[in-house]
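Working notes, structure below.
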Protein chains: 2
Amino acid sequence: MKKKIPHRLYLSEDQLPKQWYNLRADMKELPDPMLNPANFQPATAEELYAVFCNELAHQELDNTTRYFDIPEEIQEFYKMYRPSPLIRAYHLEKALGTPAKIYYKYEGNNTSGSHKLNSAVAQAYYAKKQGLSGLTTETGAGQWGTALAEACSYFNLPLIVYMVKVSYEQKPFRKSVMQTFDAQIIPSPSNTTNVGRKILEQNPNTGGSLGCAISEAVEKAVSTPGYRYVLGSVLNQVLLHQSVIGLESKTALEMLDEYPDIVIGCAGGGSNLGGLIAPFMQDKLLGKASPRIIAVEPASCPSLTRGKYAYDFCDTGKVTPLAKMYTLGCGFIPSPNHAGGLRYHGMSPVLSKLYHDGYMEAVAVEQTKVFEAAVLFAKQETILPAPESAHAIRGAIDEALKCKETGEAKTILFGLTGTGYFDMTAYNSYLEQTMTDFIPSDEDLQKAFSQLPKIPGIQ
Amino acid sequence: MKKKIPHRLYLSEDQLPKQWYNLRADMKELPDPMLNPANFQPATAEELYAVFCNELAHQELDNTTRYFDIPEEIQEFYKMYRPSPLIRAYHLEKALGTPAKIYYKYEGNNTSGSHKLNSAVAQAYYAKKQGLSGLTTETGAGQWGTALAEACSYFNLPLIVYMVKVSYEQKPFRKSVMQTFDAQIIPSPSNTTNVGRKILEQNPNTGGSLGCAISEAVEKAVSTPGYRYVLGSVLNQVLLHQSVIGLESKTALEMLDEYPDIVIGCAGGGSNLGGLIAPFMQDKLLGKASPRIIAVEPASCPSLTRGKYAYDFCDTGKVTPLAKMYTLGCGFIPSPNHAGGLRYHGMSPVLSKLYHDGYMEAVAVEQTKVFEAAVLFAKQETILPAPESAHAIRGAIDEALKCKETGEAKTILFGLTGTGYFDMTAYNSYLEQTMTDFIPSDEDLQKAFSQLPKIPGIQ
């Protein structure tokens, strides 16, 4: 007999993951190693200690440990807001008239408003355990900064957040939330770092970029005693922590006797996508199942679909190690009319490698189509999605509409990473029809690619 | 053996209430009836039909039916965002160092950001079923307007929202959310109604009030063919719908072998408080248990603790029926420095009667103390509370601290009605220490009381 599938399924507290899953341990070929830009040699743990706290540096480089125990203290924190629900989108399905079964994993049910808290609490915990004096980070739309502020406040750890200046100005309430959690917020570029001062000299009116804010946060960390830098996406350690999303999703689907034909996630730096797909990608790597896995990215910042697979800096100021990834070039800044988030020039090296090796697909979507999906979803499912998350909604709707054409009752799982309460300016511009789309020209991209670093013997 | 109590308990979909509970059916003495202001006679269903849709008028007047079946379509909608979790505040308890066990029922997990959706979907459903052309309502802080916009959008029912002008101007993003759900938003007072024009003539620069917005919404409804008016609090029908909060809470506590010694809710018009306490008050009325029940209201709008128990209008413009309730007078407007919500001059007649008869306690708290509690709670429990909800947090913390003094391990349940994402201006003023407290003087209140309606033979 077919199980009755509830609208929302919550795992019990006992069913919460007690280990993170490290996708690298099951990859046939590993991503190329991070390189030290000074000598183009693979970065060592010791070299990373200057930037990251020790345990996180080890997690970053560990390609073999399949499962990492989640420390008790982090499990305790997770229990405050996890499990996140796995939701059957009955109302959206009905509105679309699709035979597809659509599920989504909803990560917006905490003050930070997104999945970012899953890694933030881990990174703050390890920093506190090491006895650090504080942390620095950057934030764009503000989800990561909010999550980290919340985690640092919980562990009584000082935090300095470099917030992309245009967001700092456009999202005063985001800033207020971080300040509620005692974080110090600095608009980037700023005159608190060498790299910031240099960028301001060259372009005094710049609204900043995520890449530039990263440079400032890294410089601040390495130049302040007892401080380290933390990052909310891209890194291997972040994907490791975010695997709780996928692990919970898989357990919940198993309880419903379901397995996804398609897994869909939005893709900026890859933190949610990598976490959501982790156990399904494991099945694929081990030949146990063959779900389609689709990354959805903005057409205005199309790193997977139009980027180069090459070594590049993770930041604009070129102070970070080099990572092999799909990149638009570390100088690439999306058009100012882009309101939809996911504006990072690169992509997680793990996801880049999997995409390069054919384990994953990618599509790029325009932002008016993304907000169209967001509004339809909000009206049907009582959740106002973040613009980032709405990329995955767009992808899921498009696949569900294909099912409508073919009559196939496919099972679709997508990640709903967060809520859009701080993105109403973008919603406004969509509702008032002043939102426009922008697709970078081939010439623009070639120009950005031409600045990729030259590495003797490699590229 | 003592059960292990998880941080979050979710009922299964099967355990969701299938009936609402009508507290009036178990009251020893009923609240005095609503009066028609034209003849001071009890309002009849037929008289209410002009304002409310028929089914809701019946619910309003039905003092005997103990349980109302929740229509299938409303149950379907509830399943999208319910059950709401019952959360054990382990981290808050630890931070307070209290032996008390603190539970809270969290209603903020939907786009409207609050419990208001529980009644909004019911009211929109009955209006649609009756074939109405549209609805009007008012909103202050915006939670009710958002909830109703969401519900009306789901049922494809046009909605006009009169939004208190000061909120309209201070909360542009609240407005945007309602517009996302296709609602028409009019700042109140406006020149779209007689009562609005009259108020504007007398006081062109007024920021409006909830009482005034109610007057406009009622006038608009009765003067527009096929429209009816709906209200998010105060009314008996609203308390009926909100009983899902208490019913779910009680079932969840029973699963944990727990029963509250104290039940605490914030009190504005009484929608959340009345819903949360319903089944516990039933136990008290039937002599089965004797929990303390505490309403927490703002010191700047203290209807229960300093108001008069008298017949009064529900609105400033004096177009509604008269209700017997604790009231500060329908002309009372809280000090403009009041940022904490719960600014209604009156209180649910059902709750007023229960308070008058000694079944419920009430305390008034100052807003700086409320925000202090809100920030402490946010840091410990990963939820940024709405200022309204934070009144209940304040009440719960105060009771937990008393337990710390006495060493008693009392079980406290409070209602966390919603999130504060649209209240960051208020949080800012608290963080920047520009927030002040205000307590109306006895003279102010006497002046407001002097305008209570004179009713021959009654008051």
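Observations
- Members of the stretch B:46-56 that are over 14 Å from B:Lys129 (Cα atoms) and not acidic (Asp, Glu): B:Leu48, B:Tyr49, B:Ala50, B:Val51
For (1) free of Cβ contacts under 8 Å to residues at least 12 places away in the same chain; (2) within 17 Å of the chain's Cα centre (by Cα); (3) open to solvent by 20 Å² or more (accessible area, probe 1.4 Å), each residue gets a yes or a no:
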| site | (1), (2), (3) |
| --- | --- |
| B:Val319 | no, no, yes |
| B:Ile333 | no, no, yes |
| B:Lys369 | no, no, yes |
| B:Ala373 | no, no, no |
| B:Glu381 | no, no, no |
| B:Ser389 | no, yes, no |
| B:Lys404 | no, no, yes |
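- Search result, residues across the stretch B:195-207 that are open to solvent by less than 20 Å² (accessible area, probe 1.4 Å) and part of a loop (DSSP other than H, G, I, E, B): none
- Among the residues examined, B:Gly317 qualifies as modelled with pLDDT under 90 and either among the small types (Gly, Ala, Ser) or within 27 Å of B:Gly418 (Cα to Cα) (or both).
- In the stretch B:176-211, residue farthest from the other protein chains (Cβ to nearest Cβ) [restricted to those that are among the β-branched types (Val, Ile, Thr) and within 24 Å of the chain's Cα centre (by Cα)]: B:Ile186
- Among the conditions (1) within 16 Å of the chain's Cα centre (by Cα); (2) under 21 Å from B:Lys165 (Cβ atoms), the only one that B:Ala122 does not satisfy is (2).
- Residue in the stretch B:427-444 that is open to solvent by less than 10 Å² (accessible area, probe 1.4 Å), closer than 26 Å to B:Glu107 by Cβ, free of Cβ contacts under 8 Å to residues at least 60 places away in the same chain and assigned to a loop (DSSP other than H, G, I, E, B) present: no
- Counting only residues that are within 14 Å of chain B (Cβ to nearest Cβ) and touching a residue at least 40 places away in the same chain (Cβ under 8 Å), the stretch A:13-42 holds 3 of them.
- Flag if A:Lys220 is open to solvent by 40 Å² or more (accessible area, probe 1.4 Å), farther than 18 Å from A:Pro321 by Cβ, of a type outside the set (S, T, N, Q) and out of contact with any helix residue (DSSP H, G or I) (no Cβ under 8 Å at 6 or more places or on another chain): no
- Residue in the stretch A:101-119 that is among the aliphatic types (A, V, I, L, M), facing another protein chain (nearest Cβ under 9 Å) and in contact (Cβ under 8 Å) with a residue 24 or more places away in the chain present: yes
- Among the criteria (1) open to solvent by less than 10 Å² (accessible area, probe 1.4 Å); (2) within 18 Å of the chain's Cα centre (by Cα), the one B:Ala252 does not fulfil is (2).
- Test result for A:Ile455, open to solvent by less than 20 Å² (accessible area, probe 1.4 Å), away from chain B (no Cβ under 14 Å) and in a loop (DSSP other than H, G, I, E, B): yes
- Where B:Thr417 falls short, out of the listed (1) within 14 Å of chain A (Cβ to nearest Cβ); (2) surrounded by 15 or more Cβ atoms within 10 Å (Cβ to Cβ); (3) under 25 Å from the mean Cα position of the chain (by Cα): (1)
- The stretch A:92-143: number of residues that are part of a helix (DSSP H, G or I) and either open to solvent by 10 Å² or more (accessible area, probe 1.4 Å) or under 21 Å from A:Ala373 (Cβ atoms) (or both): 10
- Among the candidates A:Ala289, A:Ala323, A:Ala339, the residue that is buried (at least 20 other Cβ atoms within 10 Å of the Cβ) and modelled with pLDDT of 95 or more is uniquely A:Ala323.
- Among the residues listed as A:Ala409, A:Ala392, A:Ala374, the single one being hydrophobic (A, V, I, L, M, F, W, C), touching a Pro at 6+ places or on another chain (Cβ under 9 Å) and within 19 Å of A:Ala362 (Cβ to Cβ): A:Ala392
The values are calculated or read from the model by the stated rules, or taken from the named source; none is laboratory data. The shown structure was predicted, so the numbers you read here are calculated from the model rather than taken from an experiment. Neighbour counts are summed over all protein chains in view; Cβ atoms, including those assigned to glycine, are modelled from backbone coordinates with ideal geometry. Protein only, heavy atoms only, side chains kept; ligands, DNA and RNA dropped before computing areas. Shrake-Rupley method; radii C 1.70, N 1.55, O 1.52, S 1.80 Å.
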